[in-house]
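Here the structure comes first, spelled out in structure tokens, and everything after it is commentary.
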Amino acid sequence: MSGSTFGHLFRVTNFGESHGPAIGCVIDGCPPGLALAEGDIQRDLDRRRPGTSRHVTQRSEADAVEILSGVHEGVTTGTPIALMIRNTDARSKDYGNLLDTFRPGHADYTYWRKYGLREPRGGGRSSARLTAPMVAAGAVARKWLAERHGVRFMGWMSQLGDIQIPFDDESQIAANPFFAPSAAVVPRLEAYMDELRKSGDSCGARVSVVAQGMPVGLGEPLFDKLDAEIAYAMMGINAVKGVEIGSGFGVVTQKGSEHGDELSPEGFRSNHAGGVLGGISTGQDLVVSIAIKPTSSIRLPRASVDRAGQPTVVQTHGRHDPCVGIRAVPIAEAMLSLVVMDHALRHRAQNGDVALDVPQIAAAAPGTPRR
């Protein structure tokens, strides 16, 4: 299976299956000299792991990361970093009825048609469990970016189903299982998810993420535009069906006099562009929003066909997230950090000697859109 490697200079190759012995990744291109321990990575994995509340899958995985190579005496050596996460709570019997049928909205059918066979247990490579190694790799990237450039990544849930979530207080994001930046809306989210779980159905979500403290100049003018690679990365997350940069689809109703972010000696006066102009970072916040579809594995009976093309009815058993968007916040943060990390190394390689004797005007604008 090709297509399991992400990045150019900071390259992450993802391996494993949902119900295999382990999942993990190999990071190639991490600069030497970065202090790195398993605890630096575990913090982000703990935010993503299953079983943390009644609103997510009850699969009980510790997601304990092991560093197998690339670190000596607590410091990266510049050689490939192998990270492994063992699967300890897979229940393959829950998928016995899916061997000859296809879940609507899932990758069962397309995997079978492409490869001539498929891994029915937990979806195999199509499982969202394979986002855990990317979160682990993202933790390495964000630590290097924080130390070398002062970049900070922050994500939150901005909509759950039809419930809009206001951005009231950043400190609340870590204080509830929804990554919601508003304490007032949490009881409504709890009730919504409890009812959804009882019904056997699922819902979608919207997740927003920003990178703050961005350097100017990351990205390329044409096919490797920073925003294009952000969109590519976000669409690589399971269940993502839409990506917006800055004002996103809101630009349709804007006039040029409103959308074009004016400049002043103090900085940009707005950030409709989301921190990217001409594919290159402006130094403002990178502002990204993703739309996540409802979980395809649900208990309700759905019409499908079997491998012989005959009509059948599919019901999914086992443990699944009623809304995969709840655990998507650390995943979106990780994928954004991997893009920024890769472009930071690429910029350093080609343009590290570029110096302009002018002040940087691209301070983060107070008008950064909070979607």
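The values are calculated or read from the model by the stated rules, or taken from the named source; none is laboratory data. Nothing here was measured: the structure is a model prediction, and the numbers come from that model. Glycine also receives a Cβ, built like all others from the backbone with ideal geometry; neighbour counts cover every protein chain displayed.
So here's what we get for this one:
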| item | result |
| --- | --- |
| Every residue from segment 255-288 that is in contact with an Asp or Glu (Cβ under 9 Å, 6 or more places away or on another chain) and either in a loop (DSSP other than H, G, I, E, B) or within 30 Å of Phe102 (Cα to Cα) (or both) | Arg269, Ser270, Asn271, His272, Ala273, Gly274, Gly275, Gly279, Thr282, Gln284 |
| Test: residue in segment 285-295 that is under 30 Å from Gln315 (Cβ atoms) and touching a Pro at 6+ places or on another chain (Cβ under 6 Å) | no |
| Cβ-Cβ under 8 Å pairs, at least 6 apart or on other chains, segment 30-41 side touching a residue at least 40 places away in the same chain (Cβ under 8 Å), far side part of a loop (DSSP other than H, G, I, E, B) and hydrophobic (A, V, I, L, M, F, W, C) | Cys30/Phe10 |
| Tally of residues being closer than 20 Å to Ala239 by Cα and either free of Cβ contacts under 8 Å to residues at least 12 places away in the same chain or among the charged types (D, E, K, R) (or both) across segment 182-204 | 2 |
| Among the candidates Tyr192, Tyr232, residue that is among the aromatic types (Phe, Trp, Tyr), assigned to a helix (DSSP H, G or I), at negative phi and surrounded by 16 or more Cβ atoms within 10 Å (Cβ to Cβ) | Tyr192 |
| Residue that is farthest from Thr13 (Cα to Cα), among those in segment 235-254 that are in a loop (DSSP other than H, G, I, E, B) and in contact with a His (Cβ under 6 Å, 6 or more places away or on another chain) | Ser247 |
| Conditions (1) crowded, with 18+ Cβ neighbours inside 10 Å; (2) touching a Phe, Trp or Tyr at 6+ places or on another chain (Cβ under 9 Å): number failed by His272 | (2) |
| Which numbered condition Ala303 fails, given (1) part of a loop (DSSP other than H, G, I, E, B); (2) aliphatic (A, V, I, L, M); (3) closer than 30 Å to Trp112 by Cα | (1) |
| Pair list, Cβ under 7 Å, 6 or more apart: segment 152-167 residue without any contact (Cβ under 8 Å) to a residue 40 or more places away in the chain, other residue surrounded by 17 or more Cβ atoms within 10 Å (Cβ to Cβ) and assigned to a strand (DSSP E or B) | Ile165/Met157; Ile165/Ser158; Ile165/Gln159 |
| Filtered residues of segment 98-114 (kept if hydrophobic (A, V, I, L, M, F, W, C), surrounded by 17 or more Cβ atoms within 10 Å (Cβ to Cβ) and over 24 Å from the mean Cα position of the chain (by Cα)) | Leu98, Phe102 |
| Residue count, segment 208-223 (criterion: touching a residue at least 60 places away in the same chain (Cβ under 8 Å) and either over 22 Å from Gly267 (Cβ atoms) or under 19 Å from the mean Cα position of the chain (by Cα) (or both)) | 7 |
| Residue match in segment 299-310 (condition: buried (at least 21 other Cβ atoms within 10 Å of the Cβ), of a type outside the set (Asp, Glu) and farther than 19 Å from Gly161 by Cβ) | no |
| Single residue of Ala136, Ala211, Ala180, Ala141 found to be crowded, with 19+ Cβ neighbours inside 10 Å, at pLDDT 95 or above, assigned to a loop (DSSP other than H, G, I, E, B) and small (Gly, Ala, Ser) | Ala180 |
| Test: residue in segment 289-312 that is in contact with a Leu (Cβ under 9 Å, 6 or more places away or on another chain) and closer than 30 Å to Asn351 by Cβ | no |
